[in-house]
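Notes follow the structure.
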């Protein structure tokens, strides 16, 4: 759920890597505490949209490898390569063993990947840390590394992340959609999927979650 780009200095929160370096060892404890369901929702929506494997995937902003973990619960075999800007997140992801390989890197580092290499490109809760230029570059790299018919799936908070102490960027869903479509992507799902935190921040049964997440799923033909 983390990663900024190589151009992190241009974001409104320039110390994303430092923040998650400090959080890495206790990250999954925090995820369980707020009952974050982002990876589960992403994979559920992928399956509903028609994705049925095989899974050779690239997960951008992989954090502790939670997207890869959920994919491995649903598909077999699964091979997921992760990228994250936090060196400590990378270290813990490799120790956790949920990713087959995790590397330290941002958007520009994806240029090292081969063309037409992957069936799936995912990024869960990461776009909030990227500039519009970075999301444009991300969509271009997704289209380049995916095989024909490959799927992409991203989740993000249009109003910026809800993480305490972090001010991040807001993204217009229409702009993000156009970025992926301009690179040859066909959008299959674009929708609000609620809080992804299992009502994190909700004090009464009738109160709406204060966090709104969107999901964008598509494929390159």
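The values are calculated or read from the model by the stated rules, or taken from the named source; none is laboratory data. Everything numeric in this text was worked out from a predicted model, so none of it was measured. Cβ placement follows ideal geometry from the backbone for every residue including glycine, while neighbour counts extend to all protein chains displayed.
The table below gives the values:
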item	result
Whichever residue in region 34-55 is part of a loop (DSSP other than H, G, I, E, B) and either under 12 Å from the mean Cα position of the chain (by Cα) or surrounded by 15 or more Cβ atoms within 10 Å (Cβ to Cβ) (or both) and, among such residues, is modelled with the lowest pLDDT	36
Evaluation of residue 76 against (1) modelled with pLDDT under 95; (2) under 13 Å from the mean Cα position of the chain (by Cα); (3) not in a helix (DSSP H, G or I) (one fails), failing number	(2)
Contacts under 7 angstrom Cβ, first residue in region 13-32 being surrounded by fewer than 17 Cβ atoms within 10 Å (Cβ to Cβ), partner part of a helix (DSSP H, G or I) and at pLDDT 85 or above, 6 or more apart	25/92
Residues being farther than 18 Å from residue 215 by Cα and at pLDDT 95 or above - total across region 56-71	1
Qualifying residue in region 102-109 (condition: part of a helix (DSSP H, G or I), in contact with a helix residue (DSSP H, G or I) (Cβ under 8 Å, 6 or more places away or on another chain) and surrounded by fewer than 24 Cβ atoms within 10 Å (Cβ to Cβ))	yes
Residue within region 84-93 that is assigned to a strand (DSSP E or B) and under 16 Å from the mean Cα position of the chain (by Cα) present	yes
Test: residue in region 101-116 that is within 23 Å of residue 45 (Cβ to Cβ) and touching a strand residue (DSSP E or B) at 6+ places or on another chain (Cβ under 6 Å)	no
Strands (runs of 3 or more DSSP E) completely within region 112-221 that count 2 or more residues being modelled with pLDDT under 95 and closer than 28 Å to residue 32 by Cα	146-156, 185-192, 214-220
Among (1) touching a strand residue (DSSP E or B) at 6+ places or on another chain (Cβ under 8 Å); (2) modelled with pLDDT under 95; (3) surrounded by fewer than 24 Cβ atoms within 10 Å (Cβ to Cβ), the one test that residue 95 misses	(1)
Residue tally, condition within 18 Å of residue 146 (Cα to Cα), over 11 Å from the mean Cα position of the chain (by Cα) and crowded, with 20+ Cβ neighbours inside 10 Å, over region 56-67	1
